[in-house]
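First comes the structure, then the notes that go with it.
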Amino acid sequence: MNYFAHETAIIDDDCVIGKGTKIWHFSHVMPNCTIGDKCNIGQNVVISSEVVLGKNVKVQNNVSIYTGVICEDDVFLGPSMVFTNVTNPRSAVIRKNEYAKTTVKKGATIGANATIVCGHDIGEFAFIGAGAVVTKTIPAYALVVGNPARQLGWMSEHGHRLEFDANGTAFCPESKEEYRLENKTVTKINK
């Protein structure tokens with residue numbers, strides 16, 4: 001094995017797990033999952049069948065990732081956050097053929113105890129605040145909080161709130177990278 005799995009972790013058949021990944025206590029990786037290089041899967045995590053995690057995904061303790069979820073590279077999933085995969089679940093009604101897809105784009109952060117209702121993608125480097133309930137698609141770099149989640153502003157790739165001037169320009173205080181806001185869309189200016 002080119003990854004670490006704690007002796008209490010359960011990894012089902014036909015999973016692909018990348019080099020340098022760590023899977024901790026009492027976590028369960030179900031069949032046919034793909035987990036990229038250098039991921040960290042905390043304790044008591046459930047990764048359901050056919051989930052795909054990119055490289056360097058950080059999954060904190062007590063997270064549930066259900067079938068239909070794709071997380072791209074560098075995604076952070078905070079403690080006890082959860083995804084759903086059926087919009088109208090009922091115990092007596094089987095809806096396995098109705099699982100909705102959710103994609104979390106590169107670099108996005110989802111805070112502790114947040115819930116992502118299925119079928120709503122999270123944009124690149126978006127920041128979902130702790131306890132938020134996401135019921136719609138979130139644009140790249142957006143900062144959202146609350147139940148239901150509402151947008152409060154924009155975040156840099158380093159996780160700092162962006163303050164745009166009258167010309168639609170902002171700078172990350174940590175990286176000094178420049179961002180542009182035009183037509184409710186944020187882009188990083190590459191120099």
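The values are calculated or read from the model by the stated rules, or taken from the named source; none is laboratory data. None of the values given here were measured: they were computed from a predicted structure. We place every Cβ from the backbone using ideal geometry, glycine too, and count neighbours over all the protein chains shown.
Structure notes:
- When each of 147, 97 is tested for being among the polar types (S, T, N, Q) and assigned to a loop (DSSP other than H, G, I, E, B), the lone residue that passes is 147.
- Candidates are the residues of the range 142-153 that are among the hydrophobic types (A, V, I, L, M, F, W, C) and closer than 15 Å to residue 115 by Cβ; the one that is surrounded by the fewest Cβ atoms within 10 Å (Cβ to Cβ) is 145.
- Per-region count, the range 141-176, residues closer than 13 Å to residue 110 by Cα and either out of contact with any Leu (no Cβ under 9 Å at 6 or more places or on another chain) or at pLDDT below 95 (or both): 2
- Single residue of the range 154-168 satisfying the filter (assigned to a strand (DSSP E or B) and surrounded by 15 or more Cβ atoms within 10 Å (Cβ to Cβ)) that is farthest from the chain's Cα centre (by Cα): 162
- Number of the condition not met by residue 22 [criteria: (1) touching a His at 6+ places or on another chain (Cβ under 7 Å); (2) under 19 Å from residue 80 (Cα atoms); (3) of a type outside the set (Val, Ile, Thr)]: (1)
- Filter result for residue 130 (assigned by TED's automatic domain parsing to the domain that holds residue 79, touching a residue at least 40 places away in the same chain (Cβ under 8 Å) and surrounded by fewer than 17 Cβ atoms within 10 Å (Cβ to Cβ)): yes
- Scanning the range 169-186 for residues that are assigned to a strand (DSSP E or B), without any contact (Cβ under 8 Å) to a residue 40 or more places away in the chain and either touching a Phe, Trp or Tyr at 6+ places or on another chain (Cβ under 8 Å) or exposed (fewer than 12 other Cβ atoms within 10 Å of the Cβ) (or both) yields 169, 170, 171, 178, 179, 181, 182.
- Residue in the range 25-62 that is farthest from residue 84 (Cα to Cα), counting only those that are hydrophobic (A, V, I, L, M, F, W, C) and out of contact with any strand residue (DSSP E or B) (no Cβ under 6 Å at 6 or more places or on another chain): 26
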